[in-house]
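First up is the structure itself, then whatever we jot down about it.
The values are calculated or read from the model by the stated rules, or taken from the named source; none is laboratory data. Please read these numbers as outputs of a predicted model, since none were measured by experiment. Heads up: the accessible areas ignore ligands, DNA and RNA and are worked out on the full protein's heavy atoms, side chains in. Shrake-Rupley method; radii C 1.70, N 1.55, O 1.52, S 1.80 Å.
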Amino acid sequence: MSTAVVHNVGMTNVEMGDAGMSSRVRLRLTRRGRVVLTLLAALPIVIGAFVFALNGGGAAASGEQTHATFHYVTVQSGDSLWSVASRLAPNADPRDVIADLVSLNGLSSAVVTPGQQLAIPAQYDK
């Protein structure tokens, strides 16, 4: 058995015709390729819909207004939150009262100054 090898040595693209390098390759998508491309294009939309669905039910402002009235206690010289809490609720744990005072008044620390007014939580108001 013999094998014949043919080389196109010295031929230009014009001489080679359609079999040469000048022919254009046309991309054809299979059905599976179209499905994959469609899924990749739809993925950001689906992710956006999920994010919107999770965060879309946020708080809505209503026209109703509630008016909360607070009673205040003024810190005297030598007072601490512990002494104020003990005066407000002598039968309660002062640590719980202090935590409520700090939370309600937005205090960054447990340090109070004379003359400072503290709002009293409703459960300790007499």
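For the reader, a short list of remarks on this structure follows.
- Taking all protein chains together, D79, D96 sort by accessible area into D96, D79, largest first [probe 1.4 Å].
- Solvent exposure, largest accessible area first (probe 1.4 Å, DNA, RNA and ligands not counted), of S103, S109: S103, S109
- Solvent accessible area, Å² - L104, 1.4 Å probe, full protein context: 70
- Using C-alpha pairs under 8 Å with a sequence gap of at least 6, the mean separation divided by the residue count of region 20-126 gives a relative contact order of 29 percent.
- For I45, the solvent-accessible surface computed with a 1.4 Å probe is close to 120 Å², ligands and nucleic acids excluded.
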